[in-house]
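A quick write-up on the structure given underneath.
None of the figures in this text is laboratory data; all of them are computed from the coordinates on show. Only a predicted model underlies this, so the values are computations on that prediction, with no experimental measurement involved. Please note: Cβ atoms are built from the backbone with ideal geometry, for glycine as well, and neighbour counts cover all protein chains shown.
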Amino acid sequence: MTKRLANNAALVIVDFQKAIDDPKWGRRNNPGAEACTARLLAAWRERGRPVVHVQHLSREADSPYRPGQPGCDFKDALGPDAGEILVQKRTHNAFIDTGLEASLRDRGVEAVVVAGVLLHNSVDATVRMASNLGFDTWVVADASASVDVVDLEGRHWAAEEVHALSLAHLSGEYAVVASTEGVLAAVGALVVP
């Protein structure tokens, strides 16, 4: 049996900005993450459920996420519509100094479904905090992405490995890990093309 989501579960889209396409990040897995996120966004909008768009505003001079440059803009088809919540953050965690928790609580939100980039960075920090704050927390495996990482001993970890390990760390204690199809089934959504 598919676990159900609360009727007012919020979709939280983390850092899907043009900056993620910058070569600085290196090789990325899951090139279909934006399309999966767009499917979720369409389903949420169709049902009038709460949507949160998280925009990273980096303070680092060389960051493609720095305000005032094109990388800070949301990716096409993933930006906010009127009435949707816009959260601008300066840390990795979408709850720190943003008012996100208050916005969710004011709307009676009990569950969050998180998609975005990078899974092993801002998505992870946001998912863990959502869980710690008592939200029923879901992370969407195919609507998020990771990049290659070199560890402190110089070992190269492929983005796919980083992604799989990050999901394993979040699964159970912090979040339900699901696919786009699994989330759409949990909200009772029709398949969105």
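The modelled label-to-label distance between residue 157 and residue 107, using points 7 Å beyond Cα along the C-beta direction, is 3.2 nm.
For a straight C-alpha distance cut-off of 18 angstrom, the lysines reachable from residue 24 (same-chain residues fewer than eight places away being disregarded) are 75. Restricting the GluC sites (Glu not before Pro) of region 1-79 to loop positions (DSSP other than H, G, I, E, B) with no more than 14 neighbouring Cβ atoms within 10 Å leaves 60. Taking the chain as the reference, fit the longest principal axis to its C-alpha atoms, fit the long axis of helix 159-170 to the helix C-alpha atoms, and give the angle between the two in degrees, 0 to 90, nearest 10. Here the helix axis deviates by roughly 50 degrees. For the chain, the relative contact order is 28 percent, taking Cα pairs closer than 8 Å that sit 6 or more residues apart in sequence and dividing their mean separation by the residue count. Centroid-to-centroid, using Cα positions, region 139-193 and region 38-114 are 18 Å apart. For residue 132 and residue 3, the difference between the fully extended length at 0.36 nm per residue and the C-alpha to C-alpha distance is 44.4 nm. Specify the residue with the greatest mean-square fluctuation among 49, 59, 155, computed from a Gaussian network of the chain linking alpha-carbon atoms under 10 Å apart. Greatest mean-square fluctuation among the candidates belongs to 155. Across region 141-148, coupling constants 3J(HN,Hα) worked out from phi with the 6.51/-1.76/1.60 Karplus curve, θ = phi - 60°, read 4, 8, 10, 9, 8, 10, 10, 4 Hz, and Gly and Pro carry x. Note: relative contact order over region 1-108, using C-alpha pairs below 8 Å and six or more positions apart, is 31 percent. Computing FRET efficiency as 1/(1 + (r/R0)^6) for residue 165 and residue 81, where r is the C-beta to C-beta distance and R0 is 35 Å, gives about 0.50.
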